[in-house]
Every structure is written in structure tokens, then in C-alpha cells.
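The values are calculated or read from the model by the stated rules, or taken from the named source; none is laboratory data. Fair warning: this is a prediction, and the values are worked out from it, not measured in the lab. Glycine also receives a Cβ, built like all others from the backbone with ideal geometry; neighbour counts cover every protein chain displayed.
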Amino acid sequence: MSAIQVPTSRYWWKQPLDRVEGTWIAIALVWCLIMFFMMPYWHVYGKQNLANEAYRTTPDAYQKRAQEVVDKYTVRTETDLKIPVVHPPAGSDVYLIARLWQWWPMIELEEGKTYRLHLMSMDWLHGFSLQPENINIEVHPGYDHVVTITPTNAGTYGIVCNEYCGIMHQTMASRLYVVK
Ligand SMILES: [Cu+2]
């Protein structure tokens, strides 16, 4: 029999299962089940995966909310572009906009306090990468992506875009401050 000819017995599934084949099916099934249950287990106990939420929204609505926070909690501006540095109260919502080719505004958080960090792109796909921590979040247009974060170490962190987004992609960098 070859693969291009019609099998002599067309009802191949009615043939008895070979013991070796049955054993491999059982092994594969058990392994699938282990991996299936490891996903939720690791999400809860692995302390590795971020618990994300995502909501559909529009650039205008998102921009408006980001602007409100900037108007209220800007403490200073930085760089030649006068990018506002926002220091929101603990427990509040803080918005970060990704767009060609900039992160806006800069954010300053307090160590040990919890915040809801919102991320959205105004144009197309960008990648939020927090350095030197290994935290990576895809930033999509049209989705308000929320991450609940509690910074544990004070310092200055770098934010870079890790999705190639155009000719000035390499300049799309910013800072995140964590203060005591
Ligand atoms: Cu980008």
C-alpha cells in the first residue's frame, strides 16, 4: 500500500488498536493533561506571568483619560520634548500612550504601592519592554491593556519598544521612575 493509493480496507479505524499505539496515545494524553493544568497552576504560583485585563476603547477616549491624569499629577517635565513626568497617587490608574515613536508621559511610582498601569497604542503595534526587568507586554491599538503592578525596588527603569514599528523605532525609549 502506498500513500497515493486507496487503502484496501477503507474502514481502518475498525481495526483493533495495537498495544504500542495505545500506549503512546495514553502517554500523549497524560502529557497533554499535565501541560493543560500546569498553565493555570503556573499563572497563580509561578510568580512570572502578569495578570492582564484588556478593554476595547478608542484612541480619543484613551487620550482623554491619559490627559486628565497628566493635567492632575505632573510633577516636572523632562528632555527637550518637555515630556511630563506623572506621579499619581498610590492605588490610582496611570496611563501610558505608545505612538510613533514615543512613550508618553513618563511615570514615577512609589516603591511598595500598587497601581493600575494602562497601556495602549495610538497607531499600530508596539511592545512595552521594561529594562532591566524581564517584563514584556504587547501594546495594541484599540485595546486598553491594564496591568496591576507593585514595584518592589526603587530605581530608574528603561522602557523600550520591542516590536519593530518603523523607521525611528530605535528612538522609542523612555523611563519609569520608582521612588521610595
Ligand atoms: Cu514602537
Residue check, residue 174 against (1) more than 17 Å from residue 66 (Cβ to Cβ); (2) within 16 Å of the ligand (Cβ to nearest atom); (3) of a type in the set (Ser, Thr, Tyr); (4) part of a strand (DSSP E or B), all met but one. Which one?
(1)
Filter region 144-167 for residues that are among the hydroxyl-bearing types (Ser, Thr, Tyr) and away from the ligand (no atom under 12 Å from the Cβ); which is nearest to residue 101 (Cα to Cα)?
157
State whether the residues of region 49-57 include one that is among the β-branched types (Val, Ile, Thr) and surrounded by fewer than 11 Cβ atoms within 10 Å (Cβ to Cβ).
no
Looking only at region 105-117, decide whether some residue is touching a residue at least 40 places away in the same chain (Cβ under 8 Å), surrounded by fewer than 16 Cβ atoms within 10 Å (Cβ to Cβ) and within 17 Å of the chain's Cα centre (by Cα).
no
Taking only pairs six or more apart or across chains, which ones have beta-carbon atoms under 6 Å, a first residue in region 123-143 that is within 15 Å of the ligand (Cβ to nearest atom), and a second residue that is basic (Lys, Arg) and in a strand (DSSP E or B)?
123/99
Looking at 164, 143, which one is over 21 Å from residue 113 (Cα atoms), out of contact with any strand residue (DSSP E or B) (no Cβ under 8 Å at 6 or more places or on another chain), at pLDDT 90 or above and hydroxyl-bearing (Ser, Thr, Tyr)?
164
